[in-house]
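Novice: Here you go, one structure.
The values are calculated or read from the model by the stated rules, or taken from the named source; none is laboratory data. Worth saying up front: this structure is predicted, and the values here are computed from it rather than measured. Cβ coordinates were reconstructed from backbone atoms using ideal geometry, including for glycine residues, and neighbour counts include every protein chain displayed.
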Amino acid sequence: MPKVVHSDAAPAAIGPYSQAMISGGLVFTSGQIPIDPATGKIEAADIQGQAEQVMKNLSSVLNEAGASFESAVKTTCYLSDMGDFAAFNEVYAKYFTGKPARSCFAVKGLPQGALVEVEVIAEVQ
């Protein structure tokens with residue numbers, strides 16, 4: 001039976017979904033956008049600041065699930081502008097040092113006007 005994951009250190013889900021689910025020894029996170037859980041708002045205006053907040057949010061959810069960036073096996077990244085690809089990669093590379101499989105897409109829009117959203121599949125330790 002899948003297990004719901006919730007971390008108070010990450011933004012609450014803004015829809016009918018959970019922050020993550022654990023099933024079969026893997027955690028599947030919902031996409032995290034750069035909402036600061038302390039304010040409930042996107043505080044950073046640029047891609048680097050927003051990507052850093054996304055990584056903080058993902059870290060909180062992964063830690064709650066008993067996983068980490070190092071145990072990630074697949075990520076999916078959504079950017080509102082592929083012109084931000086290089087700057088996003090600089091932040092991403094600091095966290096996903098194990099180089100999990102990845103897909104990255106440019107999308108027309110993201111919730112709350114975010115510039116970036118990332119979801120992760122990781123092994124639970």
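Novice: Suppose we keep only residues that are in a strand (DSSP E or B), touching a helix residue (DSSP H, G or I) at 6+ places or on another chain (Cβ under 9 Å) and hydrophobic (A, V, I, L, M, F, W, C) within the stretch 106-125. Which one would you say is farthest from Lys3 (Cα to Cα)?
Specialist: The first filter runs over the stretch 106-125 and keeps only residues in a strand (DSSP E or B), leaving 106, 116-123.
Next, from what is left, pick out any that are touching a helix residue (DSSP H, G or I) at 6+ places or on another chain (Cβ under 9 Å): 106, 116-120, 122-123.
In the following step, the residues that additionally are hydrophobic (A, V, I, L, M, F, W, C) were identified as 106, 116, 118, 120, 122.
Details: Ala106: 31, Val116: 27, Val118: 21, Val120: 16, Ala122: 14 Å.
It comes out as Ala106.
Novice: Take the residues of the stretch 61-71 that are under 14 Å from Val4 (Cα atoms) and not hydrophobic (A, V, I, L, M, F, W, C): which is surrounded by the most Cβ atoms within 10 Å (Cβ to Cβ)?
Specialist: Glu64
Novice: Could I ask something else about it? Considering only residues of the stretch 20-45 that are of a type outside the set (Val, Ile, Thr) and out of contact with any strand residue (DSSP E or B) (no Cβ under 8 Å at 6 or more places or on another chain), which is nearest to Lys56 (Cα to Cα)? Explain how you work it out, then say what you get.
Specialist: Going residue by residue through the stretch 20-45, those that are of a type outside the set (Val, Ile, Thr) are 20-21, 23-26, 28, 30-32, 34, 36-38, 40-41, 43-45.
If we keep only those that are out of contact with any strand residue (DSSP E or B) (no Cβ under 8 Å at 6 or more places or on another chain) too, we end up with 24, 37-38, 40, 44-45.
On the way: Gly24: 25, Pro37: 10, Ala38: 12, Gly40: 14, Ala44: 13, Ala45: 16 Å.
Among them, the one singled out is Pro37.
Novice: Here is a follow-up. Residue check: is Ala20 crowded, with 18+ Cβ neighbours inside 10 Å, modelled with pLDDT of 95 or more and under 13 Å from the mean Cα position of the chain (by Cα)? Lay out the reasoning, then the answer.
Specialist: Details: crowded, with 18+ Cβ neighbours inside 10 Å: yes; modelled with pLDDT of 95 or more: yes; under 13 Å from the mean Cα position of the chain (by Cα): yes.
It is true that Ala20 is crowded, with 18+ Cβ neighbours inside 10 Å, modelled with pLDDT of 95 or more and under 13 Å from the mean Cα position of the chain (by Cα).
Novice: While we're looking at this one, here's another question. Looking only at residues in the stretch 12-52 that are assigned to a strand (DSSP E or B) and of a type in the set (S, T, N, Q), which one is farthest from Gln112 (Cα to Cα)?
Specialist: Narrowing the stretch 12-52 to residues assigned to a strand (DSSP E or B): 20-23, 26-29, 32, 35-36, 41-42.
Cutting the leftovers down to of a type in the set (S, T, N, Q) gives us 23, 29, 32.
Values: Ser23: 29, Thr29: 19, Gln32: 12 Å.
The selected residue is Ser23.
Novice: Would the stretch 90-97 turn up any residue that is buried (at least 18 other Cβ atoms within 10 Å of the Cβ) and among the small types (Gly, Ala, Ser)?
Specialist: No, the conditions are met nowhere in the stretch 90-97.
Residues checked against (1) assigned to a loop (DSSP other than H, G, I, E, B); (2) closer than 13 Å to Gly31 by Cβ; (3) in contact (Cβ under 8 Å) with a residue 40 or more places away in the chain:
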{"position": "Val54", "(1), (2), (3)": "no, yes, yes"}
{"position": "Asn57", "(1), (2), (3)": "no, yes, yes"}
{"position": "Glu64", "(1), (2), (3)": "no, no, yes"}
{"position": "Thr75", "(1), (2), (3)": "no, yes, yes"}
{"position": "Asn89", "(1), (2), (3)": "no, no, no"}
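Novice: A further question follows. In the stretch 113-125, how many residues are more than 19 Å from Val91 (Cβ to Cβ) and touching a residue at least 60 places away in the same chain (Cβ under 8 Å)? Break it down into steps so the answer makes sense when it comes.
Specialist: We begin by selecting, within the stretch 113-125, every residue more than 19 Å from Val91 (Cβ to Cβ); these are 121, 123-125.
Now drop any that are not touching a residue at least 60 places away in the same chain (Cβ under 8 Å), which leaves 121, 123-124.
The number of residues fulfilling the criteria is 3.
Novice: Here's something else I'd like to know. Just the residues that are farther than 10 Å from Val120 by Cα and crowded, with 18+ Cβ neighbours inside 10 Å, please, taken from the stretch 72-86. Don't jump to the end; show me each part of the working.
Specialist: So in the stretch 72-86, the residues farther than 10 Å from Val120 by Cα come out as 78-86.
Hits for the stretch 72-86 are Tyr78, Leu79, Ser80, Asp84.
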